[in-house]
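A.B. asks: Would you mind keeping the following structure in view while I ask a few things?
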Amino acid sequence: MKIFVDRVKCQNHGQCAISAPTNFELDANGELQYQEAFSEENISDIEDAADSCPLQAILLTS
């Protein structure tokens, strides 16, 4: 599985960075940066990040 962030929907609120800081972060300009690939041990945090996104811009794809 991979993380996909819809950049059209994403408004860089940063809730994902709070829920899953290993995979999401806001850079110095406040823009979201993330890693598409992730370890299965982080799946719970990533699902929480997707659920916490106010715009539902985070998807898990196969």
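The values are calculated or read from the model by the stated rules, or taken from the named source; none is laboratory data. Note that the coordinates shown come from a computational prediction; the quantities given were computed from them, not determined experimentally. Cβ placement follows ideal geometry from the backbone for every residue including glycine, while neighbour counts extend to all protein chains displayed. The protein model used for the area step is the full one, side chains on, heavy atoms only, and it has no ligands, DNA or RNA in it. Shrake-Rupley method; radii C 1.70, N 1.55, O 1.52, S 1.80 Å.
A.B. asks: Please compute the length gained on full extension between ASN29 and GLU47, using 0.36 nm multiplied by the number of residues separating them and subtracting their Cα-Cα distance.
C.D. replies: Taking 0.36 nm per residue and subtracting the Cα distance, the gain is 4.0 nm.
A.B. asks: Still on this structure, please answer the following. I'd like the Karplus ³J(HN,Hα) series for the stretch 54-60: coefficients 6.51, -1.76, 1.60, θ = phi - 60°, whole numbers in Hz, and an x wherever there's a Gly or Pro.
C.D. replies: Working through the residues one at a time gives x, 10, 6, 8, 9, 10, 9 Hz.
A.B. asks: Solvent-accessible area per residue for the chain at a 1.4 Å probe radius, Å²? List each step's numbers first, then the result.
C.D. replies: Working: 3990 Å² over 62 residues.
Each residue of the chain exposes 64 Å² on average to a 1.4 Å probe.
A.B. asks: Sort THR22, THR61 by heavy-atom solvent-accessible area, probe 1.4 angstrom, most to least.
C.D. replies: Ranked list, largest accessible area first: THR22, THR61.
A.B. asks: When the accessible area of the chain is split by element with a 1.4 Å probe, what percent falls to carbon and sulfur? Don't jump to the answer; show the numbers that get you there.
C.D. replies: Working: 1850 of 3990 Å².
Solvent-exposed carbon and sulfur of the chain make up 46 percent of the total.
A.B. asks: Under a GNM of the chain (C-alpha, springs under 10 Å), which listed residue has the highest mean-square fluctuation: ASN12, ASN29, ASN42?
C.D. replies: ASN29
A.B. asks: To continue, here is another question. Is it possible to state the helix-based mean residue ellipticity at 222 nm for the chain, with each DSSP H run of 4+ residues giving -39500 (n - 2.57), the sum divided by total residues, to the nearest 500 deg cm²/dmol? What is it?
C.D. replies: The per-residue figure over the chain is -6500 deg cm²/dmol.
A.B. asks: Apply the Karplus parameterisation 6.51 cos²θ - 1.76 cosθ + 1.60, with θ equal to phi minus 60°, to every residue of the stretch 28-37 and state each ³J(HN,Hα) to the nearest whole Hz, in sequence, with x for glycine and proline.
C.D. replies: Using θ = phi - 60°, the values come out as 4, 8, x, 8, 5, 10, 8, 9, 5, 7 Hz.
A.B. asks: Considering the values [x] 40; [y] 54; [z] 26, which represents percent of Cα pairs over 17 Å apart as calculated for the structure under consideration?
C.D. replies: [z]
A.B. asks: Using 7 Å Cα-to-Cβ label points, what is the SER39/PHE4 separation (nm, one decimal)?
C.D. replies: 2.6 nm
A.B. asks: Ok, one more. Compute the acute angle (0 to 90°) between the alpha-carbon long axis of helix 43-52 and the principal axis of greatest extent of the alpha-carbon atoms of the chain; round to the nearest 10°.
C.D. replies: 40 degrees
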